[in-house]
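Undergrad: Structure below; questions to follow.
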Amino acid sequence: MPGMLMDGGGAIVPFSGEPGHAVAAAPPVRNIRHGVAPPISRVYVSFSSGNLLQVACLRPPNPEGGGDRGAEEVSGGRVVEVNLGGGGSGPGGADAEEIDEAEMRRIEYGSVPAFALLQSRKNALVDGSGMSRLPSVSEHAEWWQYVLEYSKTIGSLLGNPDSLSAYMIDDPKMILKVKEKPTSLKAAWELLEIFFVDKQLQTWLPERLVDWLADYDSLLTKTENTIYRTLINFQKKLINLQVVEDDPDYWSGLSAALSVEWLDIVVNMLRFHGSYQLDQMDSRETENGLVEAVAVLVSTMPRMRPDLPSGKLGQCCKTRPDFIKALEKWRGQVSKLECSAFWIQCGHQKTRDGLKSLLHIMLGNIKNLTASTSHWLELFASHLLYIRPFTVGFEGMHQLAQKCIQLKPSADNSGLTGLLTGILSENTEVVLAECTKNFGPWMVTHAMELLTADNDYADMMLHEERPNFGGISIEELHRLVYAQVLCSHALTWQIAPTYLSSCLNQGLGLLEILLLKQPIQDNRVVLKTLEICRLYELENVSTNIMKIAGIYHWKHGRKGTGVYWFQQANDKVRLDRIAQQLFEHIGKSVTDDSFKQWEGLLELLGSDIGSAGGLEFLHRYRDFKRSLQMAQEGRTGESVRQTVEFLIQLMRNPSTPQRFWLPLLHDSVRLLNCKPCPLLNVAETTLLLNKLQELSLAKLRPDFSNIHLPSHALNSVRLALASNLARAILEEP
């Protein structure tokens, strides 16, 4: 084979782990849950947007001649997206270890009502104000409230990291409580909500960032140390410690937790101090007093926020003047304790140094804050809390973030840190790229509403129609990409129309293609497709789907189902063709078994025979046959008269083909001859004789279609009608 490297063990491009090469880490292996039943004939791999890789697994086509079973088992497959950056393989692009496929589907379905409601409100604002362009919607005062409600709804779907485990046992030495496992998707969504949507957070943004960090600090990096990992590691060794204050990790954990204002954890860990033990060999009252004094100062730390959740420590200050006043008073108390003479009486060196380090952190000492934090984002939060609590605006925070990155550089930057950097730099393109790269199409599609809530530049950029995109906007492009992902799965294609209908340029066209490509073997799928057509007023598509379903079922022997769909589509052309096939069975005797083969089709037509096209005649002929059979069996005289009325109606109806006049009259000969009294009056008999005369003249034309009847059929009919006419004339007054 050309290009084959024989020294690589048969591999085209050998990797370093093979024999003859340097030993290196094994290449990453990602398991793809495609859900396609074997055998799989082909696998296609192509790059999508960002770090997404699309893998299409296709089954072989069904062999011809497989019978009715093979007609229902169509060939198919599935397209799976693999996130090369985060290792995810779900439709939303989230990490497979965080959100599995079933959970992602729950999120996808749950986000549809919130997205549809927001689009409805946007359209109502556009229609109410008579605006010609959508970006002007963000100028409405109530729009950000709508977006905030939308964001809260989506956020609740992604999980609640504050929820505790139902089976958790309260352990007095538990540092970090057992909570719901956080996900990067939820963390990224909350970041966008904090900085782009919730205007009420502008006055207490540092505190909100502390809350966010408390929930998602474990997701900042996978390889480097964080405050969360520091506390987790100390939690593991705490059970074997006899004197915790002698362990340096105890004081480093306290300093780390205090630097990001995890006050409840700090106070809880201070209570682990050995001076609180009752069985002390020596007097440690002064030492315990200092520890308790620091714990009181920590628990009364001023916090500028509207309220405090239950179980959280601190002094709540709702306004800036109140916070400044309380902060000055509190720092005075901290400084007073730092200068106290009781430190000389404290005989435990590590306790004295550890507590003083905590006081320096509370006073905003940069050296202590830098030493206590591990990640630049933790250092950034500590600066906002202790040094620059009144920082406002993205520019000031971005400059501070850049300084923190220089002090705490990180080689393992997660998608969350990249997203926050893009937010602080006010670079919408970077934010969009980070969402696409790390969190997938679902995140990008739903997060764009947050980006444009109160940002005119983002609003203009995302809604501007671009020629290089085929005349569509960036927003519409990402919605189409997400809809394509939904369409690739049999369990999510039903929600794709919600997003396609919101794309004004190409959405409806792709929606029509999606609906027309749905399988029509299962009537439940067809009914679901027709319901979607009704919701979006796609009458032409609905009609075509019903015609396609009718043709499929008719060709596969389910003629009743086929006629039903043709009738629903009001397809008179195909119903007339079906009628032509059934006309050949007309004219035979009532006892002919072939009558039963097509009689059931007429039952499906119901009472509204006007919509049945060419089958109107067959429907009336069915009623005539039934009545004639009852009359010949001699059930009632009423059935005889009803049979005659059906005969007259058929002969007068213009839909009755001329070539079937003689079979109708021939079927009635026995009935006309067996009665002593005339069944027809003079006018009715004259009508039938005229029809018979027209039929005699029509036989001379070359295009006349002959019905297989006995040679004496015409004479028998003429004799019966003549006899009936004579009796009718004699009995008329």
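The values are calculated or read from the model by the stated rules, or taken from the named source; none is laboratory data. Keep in mind the model is a prediction, meaning the values are calculated, not measured. Reconstructed Cβ throughout: ideal geometry from the backbone, glycine too, with neighbour counts over all protein chains shown. For accessibility, only protein heavy atoms count, side chains too; no ligands or nucleic acids. Shrake-Rupley method; radii C 1.70, N 1.55, O 1.52, S 1.80 Å.
Undergrad: Consider a paramagnetic label point 7 Å from the Cα of Asp246 along Cα→Cβ; state which residues of the range 346-363 have an amide N under 20 Å from it.
TA: Flagged as within label range: 346-355.
Undergrad: If a paramagnetic tag sat 7 Å from the Cα of Asn653 along the Cα-Cβ line, which residues of the range 554-573 would have the backbone N under 18 Å from that point?
TA: Correct set: 567, 572-573.
Undergrad: Just to verify a number: what accessible area does Cys317 come out at with the full protein assembly present, 1.4 Å probe, Å² rounded to tens?
TA: Its heavy atoms expose roughly 10 Å² to the probe.
Undergrad: OK, next. Carbon and sulfur together cover what percent of the accessible area of the range 443-565 at a 1.4 Å probe radius?
TA: About 54 percent, which is the carbon plus sulfur part of the accessible surface.
Undergrad: Express in nm, to one decimal, how much length is gained between Trp343 and Ile729 on full extension, taking 0.36 nm for each residue of separation and deducting their alpha carbon distance.
TA: Full extension from Trp343 to Ile729 adds 125.1 nm.
Undergrad: Would you give the gap between the C-alpha center of the range 222-239 and the C-alpha center of the range 349-395, rounded to a whole Å?
TA: Comparing the Cα centres of the range 222-239 and the range 349-395, I get a distance of 19 Å.
Undergrad: Please work out how much length the chain gains when fully extended from Ile239 to Ala56, using 0.36 nm per residue of separation minus the C-alpha to C-alpha distance, in nm with one decimal.
TA: Once the chain is fully extended between Ile239 and Ala56, it gains 60.8 nm.
Undergrad: If you rank Asp249, Asp127 by how much accessible surface each has, with a 1.4 Å probe, what is the order from largest down?
TA: Reading off the accessible areas and sorting them downward yields Asp127, Asp249.
Undergrad: Evaluate E = 1/(1 + (r/R0)^6) for Val573 and Thr319, where r is the Cβ-Cβ distance and R0 equals 56 Å; express this FRET efficiency to the nearest 0.05.
TA: E(calc), rounded to 0.05, equals 0.15.
Undergrad: Next up: Assuming 0.36 nm per residue, please report the length gained on full extension of the stretch Ser425 to Ile32 beyond their Cα-Cα distance.
TA: 137.9 nm
Undergrad: Is the shape of the range 420-487 best called rounded, prolate or oblate, per the rule: a/c under 1.5 gives rounded, else a/b larger than b/c gives prolate, else oblate, with a ≥ b ≥ c the square roots of the Cα gyration tensor eigenvalues?
TA: Oblate is the answer for the range 420-487, as a/c is 1.5 or above yet b/c matches or exceeds a/b.
Undergrad: Hey, what do the phi angles of the range 332-348 turn into as Karplus ³J(HN,Hα) couplings, whole Hz, using 6.51/-1.76/1.60 and θ = phi - 60°, x for Gly and Pro?
TA: Result, ordered by residue: x, 5, 5, 5, 5, 5, 5, 8, 5, 7, 5, 5, 5, 7, 7, x, 9 Hz.
Undergrad: Ok, one more. Probe radius 1.4 Å, ligands and nucleic acids left out: which of Ser184, Ser151 has the largest accessible area, and how do the rest follow?
TA: Ser184, Ser151
Undergrad: Just to verify a number: what accessible area does Val573 come out at with the full protein assembly present, 1.4 Å probe, Å² rounded to tens?
TA: 90 Å²
Undergrad: Using a Förster distance of 41 angstrom, determine the FRET efficiency expected from the C-beta separation of Asn365 and Glu142, and round it to 0.05.
TA: For Asn365 and Glu142, the calculated efficiency is 0.35.
Undergrad: Here is a further query. Round to the nearest 10 and report in Å² the accessible area of Val55, as given by a 1.4 Å probe over the protein chains' heavy atoms.
TA: So the heavy atoms of Val55 present about 10 Å² to solvent.
Undergrad: Within the set Lys367/Lys403; Lys173/Lys236; Lys547/Lys572; Lys222/Lys437; Lys152/Lys318; Lys177/Lys312, which residue pairs have Cα atoms separated by over 19 Å?
TA: Lys152/Lys318, as the Cα separations exceed 19 Å there.
Undergrad: Roughly how many nanometres apart are two label points built 7 Å out from the Cα toward the Cβ at Gln277 and Asn544?
TA: The modelled label-to-label distance comes out at 8.2 nm.
Undergrad: How far is it, in nm, from the label point at Thr153 to the one at Arg558 when both lie 7 Å from their Cα along the line to the Cβ?
TA: That separation, rounded to one decimal, is 3.7 nm.
Undergrad: Report the label-to-label distance for Gln693 and Arg670 in nanometres (one decimal), using points 7 Å from each Cα along the Cα→Cβ vector.
TA: In this crude label model, Gln693 to Arg670 measures out at 3.0 nm.
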